[in-house]
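Beneath this line is the structure, given in structure tokens, with notes to follow.
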Amino acid sequence: MDALDVLTQRISRPVLTEPAPSSEQIELMIRAACRAPDHAGLRPYRFIRIEGERRKALGELLCAAGLELDPQLSEVAQEKLRNAPLRAPMLLLPVLTSVSHPKVPEVEQVLTVGAAVSNILNTAFALGVGAMWRSGLPSFQRSLARGLGLAEHEQLLGFLYLGTPAGRAKPVSEVNLETVLSDW
């Protein structure tokens with residue numbers, strides 16, 4: 001697939017099924033992530049791969065984080081949180097691993113993680129792998145970070161759902177460039 005087609009035609013695929021991306025495909029996605037713009041070459045990120053039965057354990061952590069936010073969370077909402085990781089055969093969790101640096105503020109490091117995730121999504125699309133980046137309030141709970149084994153200086157930045165696209169793809173929406181581009 002042509003690089004410009006990837007960059008202008010990529011869409012998120014929320015409905016995913018087996019098989020999960022292969023080890024070779026994941027390796028390409030991570031290599032692409034490591035090519036993201038990165039002031040001072042800090043690589044302020046890492047990714048946690050979750051598949052198989054570990055997705056159910058993640059669902060339990062999400063439910064606990066949701067109950068921490070809202071102790072009155074309905075059974076339906078709890079079940080939705082438990083089942084969220086089962087939407088795809090594999091998840092990659094982007095983790096901000098910010099470091100103190102005199103010339104690179106944390107906001108630049110967060111942007112680097114976003115660029116790395118974008119590279120993963122674009123690479124997945126180029127490989128024919130369906131992908132969707134999601135978050136939600138429970139994903140930012142410190143208890144979830146601890147349950148995942150994150151260090152105190154690390155922060156979870158959502159969930160990348162990966163798998164084989166199922167169902168019909170939404171058409172690529174047209175962009176009115178006048179709404180996003182101006183001259184000064």
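Only the coordinates and a few stated rules stand behind these numbers; no lab work does. Note that the structure is a prediction, hence the values are computed from the model and not measured. Cβ atoms come from the backbone with ideal geometry, glycine included; neighbour counts cover every protein chain shown.
Ranking request for peptides 153-165, 56-68, 33-45: highest mean number of other beta-carbon atoms within 10 Å first, then the rest in descending order. Write out the running numbers ahead of the final one.
Numbers: 153-165: 20.2, 56-68: 18.2, 33-45: 16.1.
Highest mean packing first, the order is 153-165, 56-68, 33-45.
Taking Leu127, Leu73, Leu28 in turn, the Gaussian network model of the chain (Cα-Cα springs below 10 Å) assigns the largest fluctuation to Leu73.
Packing here is the average count of other Cβ atoms within 10 Å per residue, and on that basis the peptides 87-98, 171-182, 108-119, highest first, run 87-98, 108-119, 171-182.
Its DSSP H runs of at least 4 residues, each contributing -39,500 (n - 2.57), put the calculated 222 nm mean residue ellipticity of the chain at -12000 deg cm²/dmol, to the nearest 500.
In terms of packing, defined here as the mean over residues of other Cβ atoms within 10 angstrom, the peptides 7-14, 78-85 line up highest first as 78-85, 7-14. The modelled label-to-label distance for the pair Leu73/Gln9, using points 7 Å beyond Cα in the direction of Cβ, is 3.9 nm. Residues of segment 49-75 falling in the label zone of Glu18, defined by backbone nitrogen less than 12 Å from a point 7 Å along Cα to beta-carbon, are 52-53.
Annotation for segment 135-184: trypsin sites (Lys or Arg not before Pro) lying in DSSP loop with at most 14 further Cβ atoms inside 10 Å of their Cβ are Arg168.
Projecting label points 7 angstrom from Cα along Cα→Cβ for Arg142 and Leu181 puts them 4.5 nm apart. Between Ile48 and Glu27, full extension at 0.36 nm per residue minus the direct alpha carbon distance yields a gain of 6.3 nm.
Here the dipole of segment 3-179 is about 240 debye; that uses its Cα centre as origin and unit charges on the Cβ of Lys and Arg (positive) and Asp and Glu (negative).
A convex hull fitted to the Cα coordinates of the chain yields 161 cubic angstrom per residue. Placing a label point 7 Å from the Cα of Ser173 along the Cα-to-Cβ line, the residues of segment 1-32 whose backbone N sits under 13 Å from it are 11-12. Between Gly130, Leu156, Gln72, the Cα set farthest toward the positive side of the dipole of segment 3-179 (charges on each charged residue's Cβ, about the Cα centre) is that of Gly130.
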